[in-house]
Amino acid sequence: MQSTCHVCERSFEARFRYQVREEDGQYIYVCSTGCQQRLLLGADGVHACDTCGSTFEIEFPYQMSVSDGRRQYFCSTQCRKRGEQRHSEVGLVRAAPKRIAVFNHKGGTGKTTTAINLAAGMAEAGRRVLLIDADGQGNVGASLGISGQRSLYHVLVNGAVASEVAVPVREGLDVLTSNETLAAAELFLAERPNRDRIMRERLGDACRGYDTVVVDCAPALSLMNQNAMVYADSVVVPVACDYLSLVGVKQVLRTIRNVRELLQHDVQLLGVLPTFFDVRNRISRDSILTLREHFEDRCYDPIRITTKLREAPSAKQTIFEYAPKSHGAEDYMRLVQRVTAVASVERRVRSGTALSVASVASVASWGGT
């Protein structure tokens, strides 16, 4: 894939990690170590200190840092210490939101139900949440009884600001809807340079007002899903408790590995969520045992099968509104608590729960390739 150097504007194919860096929600490309140095130091190496404002010439590595995708410069160790302390105390740079893709290539695994109730539960827990429907079927909007005047299409194609297009549906919960126009948006992406990173570029700074962004992905191998995976920092995989769904997990893991290795984006497997669990069926019990054997603590507690989860969309409600005392509400609240706990840790220590590349590759080989 051809990229354009941010410094010299030469067209080249990125082959090494140092050639791609993320700043301010966008990807920056450099063709060589020389251009990398020019990018970091500037034309003459002179910068203004972010703490005291004095100008200085960079001589040492400690004089520059990148925090939440933003470069900062410090003339001395004292200014760096003061700047980092001030940042941690008053949040000079707002942390990027936790970005979760709910993804599985296979349909009928409960992706939309999971995305809606995970987002709604995190909003009820006090977080500011944006739920993005990245499926042209528009099931998120249909399930909540909303239809935005503008959609994800307008964000990707027209450059509309996501926070302005999103529809407030509950306290702390906004929804960015989609419809059949998303197919046209995918054609637009296919013709763009860096076509798998457009969603990340469009949503970068526009979503910093949220604590969490949840993306409901379509059940497909598509360019839109590539964009969603490159935008997300973690993935929740709903898996129905049946044999074919278990087989499909391997494909999801291969996709995660390809995004990490080929697209150079460090997306992580947050967890696998068994859905449609029926304790009376042997296949359900065997599925849980298999998933727990291979994913250990990354296998979440199952979502039990219940008619309340099927009925809630017809009432345009989440499970917490429609049947707050049901098994479905109880199970999804456990999921919310697990994900919220991880998100809280990651806001303090980035990548504290991340799988290594080797771990993902090992799990992806489960059961053969």
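Observations on the structure shown:
- The mean sequence separation of alpha-carbon pairs under 8 Å and at least six residues apart, normalised by the residue count of the stretch 189-343, gives a relative contact order of 16 percent.
- Accessible area expressed per residue, the stretch 110-200, with surrounding protein chains retained (probe 1.4 Å, Å²): 39 Å²
- Relative counts (whole %) of C-alpha pair distances in the stretch 144-287, using bins that are 5 Å wide: 2, 9, 16, 19, 17, 16, 11, 6, 3, 1, 0
- Taking the average, over residues, of other Cβ atoms within 10 Å as the packing measure, peptides 5-13, 316-324 rank 316-324, 5-13 from highest down.
- Distance between the modelled labels on R10 and R38, one decimal in nanometres: 0.9 nm (7 Å Cα→Cβ projection).
- Per-atom-type breakdown for the stretch 166-273 gives carbon and sulfur 53% of the accessible area (1.4 Å probe, protein chains only).
- Using a simple spin-label model with pseudo-atoms 7 Å out from Cα toward Cβ, Q78 and R285 lie 7.1 nm apart.
- Gained length - L263 relative to R150, 0.36 nm times residue gap less alpha-carbon distance: 37.7 nm
- Taking 0.36 nm per residue of separation and subtracting the Cα-Cα distance, full extension of the segment from R334 to R310 would add 6.7 nm.
- Where both bridge residues fall in the stretch 110-233, DSSP classifies roughly 25% of the beta bridges as antiparallel.
- Amide H to amide H, with H built 1.01 Å from N, S3 comes under 5 Å of F12, E13, A14, counting only residues 5 or more places away or on other chains.
- Listed pairs K250/K325; K111/K316; K106/K325 exceeding 28 Å between Cα atoms: K250/K325; K106/K325
- Long-range HN-HN contacts of V239 with modeled amide H, under 5 Å: L273, T275
- A Förster radius of 41 Å combined with the Cβ-Cβ distance from L187 to C52 puts the calculated FRET efficiency at roughly 0.20.
- Cα gyration tensor shape for the stretch 203-322, rounded if a/c is under 1.5, else prolate or oblate: oblate
The values are calculated or read from the model by the stated rules, or taken from the named source; none is laboratory data. Since we're looking at a predicted model, the values are computed, not measured. Positions of Cβ are generated from backbone atoms using ideal geometry, with glycine treated the same way; all protein chains shown enter the neighbour counts. Note: accessible area is taken over every heavy atom of the protein model, side chains too, but ligands, DNA and RNA are not part of it. Shrake-Rupley method; radii C 1.70, N 1.55, O 1.52, S 1.80 Å.
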